[in-house]
Amino acid sequence: MAKLILTREVTGLGAPGDVVEVKDGYARNFLLPGKLATEWTKGAEKQIQAMRRATRAREMATVEDALAAQEVLRSSTVEVPAKAGAGGRLFGTVTADDIAQAVKTATGFEVDRRKIELAERIKTTGDYTVTVRLHESVVAPIAVRVVAA
């Protein structure tokens, strides 16, 4: 087991500044190369405290922004154009990055692609619902319409 300090939020694991214990392979192959975590040391307590202070300061300012964005995102449908063949089957899939760009175009809000959670892979045209984690306690559903381009 590897003991790490998260530097970014990891869904299902924790928030920045959290000390977590994960399997060695998960740490070595995913968290450390992706710069989502750093190795824990005794001298890292100051780093952890600084991350938590910065996170709290950002959260206070963004809770109101997240709630405002949630209302706008709930009431709008985002249209994502994609290349499709016969029967509406896509050439490839619609990614979180495609959805983030469509949200920015449609609503003006910038959504981090890593915060978009797809319940299933989008491989055909049609209507879908995806969720976006705008804040630790604010989650917004987005109606996505995939159309043939």
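Of all strands (runs of 3 or more DSSP E) completely enclosed by the stretch 106-149, which ones contain at least 1 residues that are closer than 13 Å to residue 93 by Cα and of a type in the set (Lys, Arg)?
122-124
For residues that are of a type in the set (Val, Ile, Thr) and either within 19 Å of residue 139 (Cα to Cα) or free of Cβ contacts under 8 Å to residues at least 12 places away in the same chain (or both), tally how many sit in the stretch 106-124.
Within the stretch 106-124, residues that are of a type in the set (Val, Ile, Thr) and either within 19 Å of residue 139 (Cα to Cα) or free of Cβ contacts under 8 Å to residues at least 12 places away in the same chain (or both) number 3.
So which of 27, 69, 50 ends up being of a type in the set (Gly, Ala, Ser), in contact (Cβ under 8 Å) with a residue 40 or more places away in the chain, surrounded by 11 or more Cβ atoms within 10 Å (Cβ to Cβ) and not in a strand (DSSP E or B)?
That would be 69, the only listed residue that is of a type in the set (Gly, Ala, Ser), in contact (Cβ under 8 Å) with a residue 40 or more places away in the chain, surrounded by 11 or more Cβ atoms within 10 Å (Cβ to Cβ) and not in a strand (DSSP E or B).
Those residues that are assigned to a strand (DSSP E or B) and either in contact with a strand residue (DSSP E or B) (Cβ under 7 Å, 6 or more places away or on another chain) or among the small types (Gly, Ala, Ser) (or both), I need them from the stretch 1-24; list them, please.
2, 3, 4, 5, 6, 14, 19, 20, 21, 22
Quick note: the coordinates plus some simple rules give every number you see, no bench work behind them. Just so you know, these numbers come straight off a predicted model, no measurement behind them. Cβ sites come from the backbone with ideal geometry, for glycine too, and all protein chains shown count toward neighbours.
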